[in-house]
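The values are calculated or read from the model by the stated rules, or taken from the named source; none is laboratory data. Source: prediction; values computed, not measured. Note that each Cβ is placed from the backbone with ideal geometry, even for glycine, and that neighbours are counted across all protein chains shown. Quick note on the areas: whole protein, heavy atoms, side chains included, nothing else; ligands and nucleic acids left out. Shrake-Rupley method; radii C 1.70, N 1.55, O 1.52, S 1.80 Å.
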Amino acid sequence: MNFRNIPPVVKNLLIINGLFFLATILLKNQGIDLADYLGLHFWQSDGFYPHQLITYIFMHSSNDFTHVLFNMFAVYMFGRVLEGVWGSKRFLMYYMITGIGAGLIQLLVAYFRLIPLYDILPPEAIEFAISNGYDLLNGGKGPGELVSNPNFVDAVVLINSVTVGASGAVFGILLAFGMLFPNTELMLLFPPIPIKAKWFVLGYGAIELYSGFANNPNDNVAHFAHLGGMLFGFIMIKLWQKDRGTFY
């Protein structure tokens with residue numbers, strides 16, 4: 001990879017994400033979890049701050065190097081093409097809006113999943129999930145009758161889970177590449193076969209949609225955030241196509 005040939009926004013995104021990842025590891029060794037401050041919390045959580053809708057995009061799990069590696073590889077492979085076509089300002093706008101949109105969709109889905117739990121659980125259980133749920137997720141203990149209740153556990157997870165990663169913006173990038181270059185052939189790694197970009201994007205989107213509704217309790221992937229990035233990307237591209245007289 002020759003950094004001199006990488007367009008400026010993609011280059012700076014690679015650098016910033018790399019620095020955030022290193023900072024997360026170094027501070028974690030000092031007992032500070034950067035995700036507590038910069039990761040995206042649910043809005044009812046005590047840990048939520050509005051700036052997290054932006055900062056979470058640059059955060060990645062310190063326990064999974066492949067998370068940041070694959071995201072940044074996609075930014076490099078596809079983002080530099082889009083930046084070359086759109087220009088730096090429009091590409092940066094697209095990247096940030098799809099990332100923020102992905103976070104909003106993630107919060108909205110969590111809210112709709114919480115609504116039936118609010119109807120089932122007593123108010124004191126909800127209050128406990130909000131005020132003490134984060135400690136429960138990190139190995140703490142709560143009242144036995146609550147912890148053994150699967151509805152309470154679901155509420156704790158939905159309210160107190162932290163979302164990190166650029167994946168929403170990356171899925172927006174993949175969608176844009178598929179829409180702008182639908183017949184470009186991509187080579188899959190597993191299996192190593194060529195596939196047109198449009199089918200790759202549609203297939204990936206279908207997998208994310210299925211995985212999101214499957215709601216696997218052991219799945220730690222924000223599937224609806226990925227779909228949110230694609231949704232906001234689709235809307236932006238369609239709006240830009242209607243306003244061809246505007247340039248960035």
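Which residues make up the longest stretch of the chain that has no trypsin sites (Lys or Arg not before Pro) in a DSSP loop with at most 11 other Cβ atoms within 10 Å?
By the stated rule (loop sites, at most 11 other Cβ atoms within 10 Å), 1-140.
Distance between the C-alpha centers of region 1-62 and region 103-125? Whole Å please.
Using only Cα atoms, the two centres lie 26 Å from each other.
Just the accessible area per residue of the chain, please: how many Å² with a 1.4 Å probe? Present the calculation step by step, with values, prior to reporting the outcome.
Details: 13570 Å² over 248 residues.
Using a 1.4 Å probe on heavy atoms only, each residue of the chain averages 55 Å².
By accessible area of protein heavy atoms, probe 1.4 Å, what ranking do E208, E185 get, highest first?
Numbers: E208 15, E185 120 Å².
Ranked list, largest accessible area first: E185, E208.
If you average the sequence gap of Cα pairs under 8 Å that are 6 or more apart and divide by the length of the chain, what percent do you get for the contact order?
Relative contact order of the chain: 24 percent.
What percentage of the solvent-accessible surface of region 1-160, computed with a 1.4 Å probe over protein heavy atoms, is contributed by carbon and sulfur atoms?
After summing per-atom areas, the C and S share lands at 64 percent.
Pick out, from M77, L27, S62, the residue whose Cα sits farthest towards the positive end of the charge dipole of region 3-97, with +1 on the Cβ of Lys and Arg and -1 on the Cβ of Asp and Glu.
Comparing the listed Cα positions along the dipole, M77 ranks first.
State the percentage of accessible surface on region 162-204 attributable to carbon and sulfur atoms; use a 1.4 Å probe and exclude ligands, DNA and RNA.
Working: 1540 of 2180 Å².
Looking at region 162-204 in its full context, I get 71 percent from C and S.
Do you know the Lys pair count in the chain for C-alpha distances under 29 Å, with sequence separation 8 or more or different chains?
Number of lysine pairs found: 14.
Express in Å², to the nearest 10, the accessible area of M96 obtained by rolling a 1.4 Å probe over the protein heavy atoms while all chains stay in place.
About 40 Å², ignoring ligands and nucleic acids.
How far, in degrees from 0 to 90, does helix 167-180 lean away from the longest principal axis of the Cα atoms of the chain, to the nearest 10?
30 degrees
Give me the angle, in degrees from 0 to 90, between the Cα long axis of helix 8-29 and the longest principal axis of the Cα atoms of the chain, rounded to the nearest 10.
Here the helix axis deviates by roughly 30 degrees.
Run the dipole for the chain about the Cα centre, Lys and Arg Cβ at +1, Asp and Glu Cβ at -1, nothing else charged, and hand back the magnitude in debye, nearest 20. Please report the intermediate quantities before stating the final value.
On the way: 13 positive and 15 negative charges, 288 e Å.
The dipole of the chain has a size of about 1380 debye.
If one takes the longest principal axis of the Cα atoms in the chain, at what angle in degrees, from 0 to 90 and to the nearest 10, does the Cα axis of helix 197-214 lie?
Tilt of helix 197-214: around 0 degrees.
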